[in-house]
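Here's the structure we're looking at; comments come further down.
Nothing in this text is a laboratory measurement; each read-out follows from the coordinates by a stated rule. Remember, predicted model here, so these are calculated numbers, not experimental data. Cβ coordinates were reconstructed from backbone atoms using ideal geometry, including for glycine residues, and neighbour counts include every protein chain displayed.
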Amino acid sequence: MSDIGDWFRSIPAITRYWFAATVAVPLVGKLGLISPAYLFLWPEAFLYRFQIWRPITATFYFPVGPGTGFLYLVNLYFLYQYSTRLETAFDGRPADYLFMLLFNWICIVLLMIPLIMSVLYVWAQLNRDMIVSFWFGTRFKACYLPWVILGFNYIIGGSVINELIGNLVGHLYFFLMFRYPMDLGGRNFLSTPQFLYRWLPSRRGGVSGFGVPPASMRRAADQNGGGGRHNWGQGFRLGDQ
């Protein structure tokens, strides 16, 4: 048990609580301790019956059953694997990572699988040229991973709506937070609210948002006549120059 405890404590904090809730909430519904009908997001119940917990439980709940158990475990693995990697890449700035999750959560209409896919998509874009391994020894660039998983989940689950929504929302966040301000020289539309920094202070003195490229990057772009593009391909730790 100590090994399991050590492994669990080694998971970055936000991913650790997200992972634990995604295990606990479906388990509570499966055991019948709370009816699954109270865990889904029903707009009428939320708006007219003031059942304000539903947006939260719907994010963590998955209807585990004979035909969905494997799909649930696959997505639980994706949550652990890629949320851990991405939170680690934010390198001591939990407020920025929590802001990304909140932005995606709101855009996704509070569902579990799209939120996991949006995190995976952002990680894949920040490490787009990294070679990743998938089932049966297949290897390809990380930028293709969200779309490979979309096809894989279609085969085992029969639907791609959740995965597609997650990829689109992940792309929206990546474009607004990184691509548009850094590569295209546009304004920074997204920045982490200060109250999140007060709640989750940075451990390495990171900046409040990633929309402004480092001075060295701006100088390189100016020397290229303003047409320079930042290379996202090799993967990096956010905040390093």
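Points to keep in mind about this one:
- Note on region 93-201: dipole from Cβ charges, positive end direction compared against Gly185, Leu150, Gln125; the farthest Cα belongs to Gly185.
- The peptide list 133-145, 115-127, 80-92, put in order of mean Cβ contacts within 10 Å with the highest first, becomes 115-127, 80-92, 133-145.
- If the chain linking Arg179 and Arg139 were pulled fully straight, counting 0.36 nm for each residue of separation and taking away their Cα-Cα distance, it would gain 11.8 nm.
- Whether region 93-201 is rounded, prolate or oblate, judged on the alpha carbon gyration tensor where a/c under 1.5 counts as rounded: prolate
- Förster radius 30 Å - calculated FRET efficiency between Leu31 and Ile106, Cβ distance, rounded to 0.05: 0.50
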